[in-house]
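Following: one structure in structure tokens, then a few remarks.
No lab work stands behind these numbers, since they all come straight from the coordinates. Not measured: the values here are computed from a predicted model. Note that we place each Cβ from the backbone using ideal geometry, even for glycine, and neighbour counts take in every protein chain shown.
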Amino acid sequence: MNIKYFSWVRDQIGLDEEQIELDPKVNSVEKLVSHLIKNSEDHSKALADISLIRCAVNMEVVNLNHKIKNEDEIAFFPPMTGG
Amino acid sequence: MIKVQKEDFDVNKELKKLSENKNVGGISFFIGLVREDLSKDKCHSMTLQHYPEMTEKMLDKIEIEANKRWNLIGSIIIHRYGKLYPGDQIVLVGTSSEHRKDAINSCEFLIDWLKTKAPFWKLEERESGKKWVEENFKDSETVKNWK
């Protein structure tokens, strides 16, 4: 699975993107966040307050209980500020 | 038409393109600029980061939506990314129609939508330091009114 990070989430984690092999038990966005938090202190800090973060699966914004699979592209970012 | 680019754009060129069709009776434009902000905490630059594949997809989608809701002859969205300075153009939305209301309302809809649904993030370099621009709750409420 490819995971991308943007804005201050990227700054805090220190990665633009990363590849992980998804454990089949990690089958929702919420479970993925819990899984990533265990990865490093930076992940844990960046994703600590999930209410500040939005998630896109295959470039569609989804909620936390959205189901995911290994082929999906995931992105984590704060609310968008375009225009 | 959608363009996501680093380079500046020429409003006159876009105006000419939207004027080519002789059925066009009105054109509406919105152009967003980087604000220096004359408060004490002056803005020196703004760096726009984006999620390229998602940006194209979302902008395409919203342009189709505007064309469904209003009777448009032409539409264009140009959004820049990279490092910009006060006075620089960030975004252009242009719509053309036979009658003014379609152009004016769709233009407002598109820019309201871009504010909260286009995957861009702005890093401001101010007098006090660097800071990511936070969500503007007013913008989030405004976009809800279009549903």
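Worth pointing out:
- Given B:Lys61/B:Lys122; A:Lys69/B:Lys144; B:Lys68/B:Lys144, the pairs whose alpha carbons are separated by over 26 Å: A:Lys69/B:Lys144
- Rh by Kirkwood over Cα pairs, then Stokes-Einstein D for the stretch B:1-74 at 0.692 mPa s and 37 °C, µm²/s: 213
- Candidates B:Ile64, B:Ile76, B:Ile90, ranked by Gaussian network fluctuation over chain B, Cα under 10 Å, top entry: B:Ile64
- Rg/Rh for the protein assembly as shown stands at 1.01; both radii use Cα atoms, and Rh follows the Kirkwood definition.
- Value of relative contact order over the stretch B:41-101, rounded to a whole percent, pairs C-alpha under 8 Å and six or more apart: 41
- Taking B:Asp102, B:Asp112, B:Asp37 in turn, the Gaussian network model of chain B (Cα-Cα springs below 10 Å) assigns the largest fluctuation to B:Asp37.
- As a ratio to 2.2 N^0.38 Å, the alpha-carbon radius of gyration computed for the stretch A:2-77 takes the value 0.97.
- Dipole axis of the stretch B:2-132 (+1 Lys, Arg; -1 Asp, Glu on Cβ), positive-most option in B:Thr55, B:Ile76, B:Gly26: B:Thr55
- Fewest neighbouring Cβ atoms within 10 Å first, the residues B:Ile62, A:Ile50 line up as A:Ile50, B:Ile62.
- Relative contact order (%) - chain A, alpha-carbon pairs under 8 angstrom, separation at least six: 41
- Lysines whose Cα lies under 18 Å from that of B:Lys16, excluding same-chain neighbours fewer than 8 positions away: B:Lys3
- Residues of type aspartates and glutamates that A:Lys25 reaches as a straight line, Cα spacing below 17 Å, ignoring anything fewer than 8 places off in the same chain: A:Glu71, A:Asp72
- Taking amide H as placed 1.01 Å from N in the peptide plane, the amide H of B:Ile90 sits under 5 Å from that of B:Gly32, B:Leu33, B:Val34, each at least 5 places away or on another chain.
- Stokes-Einstein D (µm²/s) once Rh is taken as the Kirkwood radius of the stretch B:2-132 over alpha-carbon pairs, at 37 °C in 0.692 mPa s: 212
- For B:Lys40, the lysines whose Cα falls under 18 Å of its own Cα, not counting residues fewer than eight places away in the same chain, are B:Lys130, B:Lys131.
- Neighbour-count ranking [beta-carbon atoms within 10 angstrom, fewest first] of B:Lys61, A:Lys25: A:Lys25, B:Lys61
- 10 Å Cβ neighbours from other chains, averaged over peptide B:111-124: 5
- Cβ-based exposure ranking for B:Lys68, B:Lys130, in which fewest neighbours within 10 Å come first: B:Lys68, B:Lys130
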